[in-house]
Amino acid sequence: MKILGFSFILAILIFPIIFLPLNVVIFSPSQLKLTTITISSENGVSNYETTQSVTYQVQINFSLIHHSGPVGNYSFQFSRLNDRRPNSTLTQYCGPYQESELQYSSIIGSDNDPFIYRDRFNNTYDIFNASYLSPSETITLNQQYEITLNEVFFNNINPSEIGNYDTSDEMFSLYCNNSEVYYERDDFNINTTSHSIVNPGDNPVVKAQKICDWVVDHLTYDDSLEEEKGAKWAYDNQLGDCSEYSSLMITLLRCQGIPARKVTGFVISADPTIKPYVGQEWSFFSRSGGQTNILGHAWVEYYVPNIGWIACDPTWDETGDYFNRIDYFRLNFNIGAWFSIPELPDESEFPHPCLVYMLSSTFDYDYSLNLKVISTNLHTLDLLVIIIICSIVGIVIIGIVLLIRSSRKKREEYHNY
C-alpha cells in the first residue's frame, strides 16, 4: 500500500509538469517556438523559425462581359501569387512565407498569346488583350495554385550576426534612397521623428522594433478610408488603415537607411486564433458595382544584412504579436509599390486585375477566389500525447480509488477492535 500511495503522490506531481507545458505549447504563441525548426543559413536568409503551416488549393476565376459602346478593346494585367522563399529566383533573401506553385492557367477570348511580365520589383503578371469585343462577348481567366503558407518568426537574431549594408546594391534605389509618392522620406517632420525614435547605435532590428511600436502608438485605425493616403498624410492626421500603418513604418525605416517595402494581398481570416482543418473552404469575390467580401491587406518587410527580408505587420501588432512574424492567413500578390486600378478606385487596396479600356464602354466583371485546405502542420495533440495524458489521468483515478478503499479498510479494522 505504501508503494501505491507513493505512486499516487508521484502521479500528482508529474501530471502538471507534463500536462501544463503541452497546453501552453498548443495555445500560447510565445511558447510555439519550442517545436520550431531554426534555420542557421539558407540562400542568404538566416535565423528564422518555421512554426506552423497550411497548404491550400487556390482557384481564381475571372470573367468580363462587354455590353455597349464602341467595340470593346481591353488589356488585362493579372497579378500572380508570388513564390516567396529563399531559393526562389524572384524573392532573393526572403523567408518562406508563401510557397506557390501554379498548376494550370487558362485564358479564353484573348486575341493574343498571353505572356508573363516581370516588373522592377520582380512581381509577375499575366498580360493579355481582348480587342473588338462585340456586345455580350466575354473573356475569361481561370487559374489554380497549390500554396503553402508558413508561419515564420525572426525572434532569435543575434546582434553579432548582423552584417553591414552594401548601399550600392540595387535594393537601396528600389526601397530606401528615394522619396516617392506615399513614401515621403524627405519630409522634415518625418525625418526628425525617425531620428528621435531610435538611438544612433541601435542595430536595424532594434530600430525596426522601436519604429513599429511608435507607429502603433501614433496612429488610430480607421477602416473608412477608400484610397491610398501615404506616410505624410498618416503622420499629420494620426489616422490610417493597414496601408497607412505600413507606409509610415516603411518611410521611417528608410529615413534610417534601412531598405523597407510594402507587401499587399489579403487575409483569409481576420481571426488569427482559428485552426484551419483539412477540407475547410473559403470563398471570396469582387463584382461590378463595388460588391466584394475580400479582406484586402498590406504589411511590411525590412531588410537586415545576413538575416534577410523580415516580415511584420504594424496594423495587427496593435492587438497581437506581429513584429518579426507573419502567419499562415495572408496571400501575397504584390511587393514593392502600391498596386492601383485608376478606373476602379473602390478596389484600389486589393491587387485585383488591372484593366485598361475605352472609357465610353460598359461592362460587367466577376472575380472569385476559392481556397480549400488540403493539408496542415499545426500544433495539436497527437495520439501519443493523448495516450500519455489518459494514462496519467487513469493512474490518478486508480490512486484515489485505492486510497479511499485503504482508508475505509483501516476504519473498519479500527472499529472491530
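How charged is the neighbourhood of A231? Take every other residue with its Cβ under 9 Å from the Cβ of A231, and add Lys/Arg as +1 and Asp/Glu as -1. Before the final figure, lay out each step's value.
On the way: positive: R185, K229, K232; negative: E184, D187, E244.
Cβ neighbours under 9 Å give a net charge of 0.
Please work out how much length the chain gains when fully extended from E42 to D366, using 0.36 nm per residue of separation minus the C-alpha to C-alpha distance, in nm with one decimal. Mind dumping the intermediate values first?
Working: separation 324, 0.36 × 324 = 116.64 nm, distance 4.09 nm.
Using 0.36 nm per residue and subtracting the Cα-Cα distance, I get 112.5 nm.
Modelling each spin label as a point 7 Å along the Cα-to-Cβ direction, I'd like the D217/K275 distance in nm, to one decimal.
Taking the simple label geometry, D217 and K275 are separated by 3.7 nm.
Over all distinct Cα pairs, what is the inverse of the mean 1/r for the range 114-237, reported as the Kirkwood hydrodynamic radius in Å?
Values: mean 1/r = 0.0509 Å⁻¹.
That comes to 19.6 Å for the range 114-237.
Contour minus end-to-end for S105 and D169, with contour as 0.36 nm per residue of separation and end-to-end as the Cα-Cα distance? Kindly include the intermediate steps, with their values, before the conclusion.
Values: separation 64, 0.36 × 64 = 23.04 nm, distance 3.49 nm.
Residue separation times 0.36 nm, minus the Cα-Cα distance, leaves 19.6 nm.
Compute the relative contact order of the range 36-377 as a whole-number percentage, counting only Cα pairs closer than 8 Å that sit 6 or more residues apart in sequence. Mind showing how you got there, number by number?
Numbers: 820 pairs, mean separation 92.2, N = 342.
RCO, the range 36-377: 27 percent.
Report, by chain and number, residues whose modeled amide H sits under 5 Å from the one on G265, excluding near sequence neighbours (fewer than 5 apart, same chain).
H297, F333
Give, as a single signed number, the net charge of other residues whose beta carbon lies under 14 Å from the beta carbon of D213, with Lys and Arg counted +1 and Asp and Glu -1. Write down the numbers at each step before the final one.
Working: positive: K207, K210; negative: D202, D217, D313, D317, E318, D321.
Counting the neighbours of D213, the net charge comes to -4.
Greater than 27 Å separation of Cα atoms is the criterion. Which listed pairs, K210/K275; K207/K262; K210/K262; K232/K262, meet it?
With Cα atoms farther than 27 Å apart: K210/K275.
For a footprinting-style exposure proxy, rank I116, I395, I139 by other Cβ within 10 Å, fewest first.
Going from least to most buried by this count: I116, I395, I139.
What is the fewest-to-most order of K229, K275, K210 by other Cβ atoms lying within 10 Å of their Cβ?
Arranged by neighbour count, lowest to highest, K229, K275, K210 become K275, K210, K229.
Please list, in order along the range 269-274, the HN-Hα scalar couplings obtained from phi with the Karplus expression 6.51 cos²θ - 1.76 cosθ + 1.60 (θ = phi - 60°), rounded to whole Hz, x for Gly and Pro.
For the range 269-274, the Karplus curve yields 9, 8, 10, x, 8, 6 Hz.
Grab the Cα-Cα distance for D186 and Q291, subtract it from 0.36 nm times how many residues apart they are, and report the gain in nm with one decimal.
Values: separation 105, 0.36 × 105 = 37.80 nm, distance 3.82 nm.
Separation in residues times 0.36 nm, less the Cα-Cα distance, equals 34.0 nm.
Order the peptides 315-322, 98-105, 267-274, 246-253 from the highest to the lowest mean number of other Cβ atoms within 10 Å of their residues.
Ranked from most to least packed, the peptides come out as 246-253, 315-322, 98-105, 267-274.
Counting other Cβ atoms within 10 Å of each Cβ, which GluC sites (Glu not before Pro) in the range 155-231 have at most 13 and sit in a DSSP loop?
On the way: sites: E161, E170, E180, E184, E226, E227, E228; in loops: E184, E226, E227, E228.
Passing sites in the range 155-231 are E226, E227.
For each of V396, V215, V181, count neighbouring Cβ atoms within 10 Å of the residue's Cβ, then give the residues from fewest to most.
The most exposed by this proxy come first: V181, V396, V215.
Laboratory data are not the source of any read-out in this text; all were calculated from the coordinates shown. The shown structure was predicted, so the numbers you read here are calculated from the model rather than taken from an experiment. Methodologically, a virtual Cβ is constructed for each residue, glycine included, from the backbone with ideal geometry; neighbour enumeration extends over all protein chains shown.
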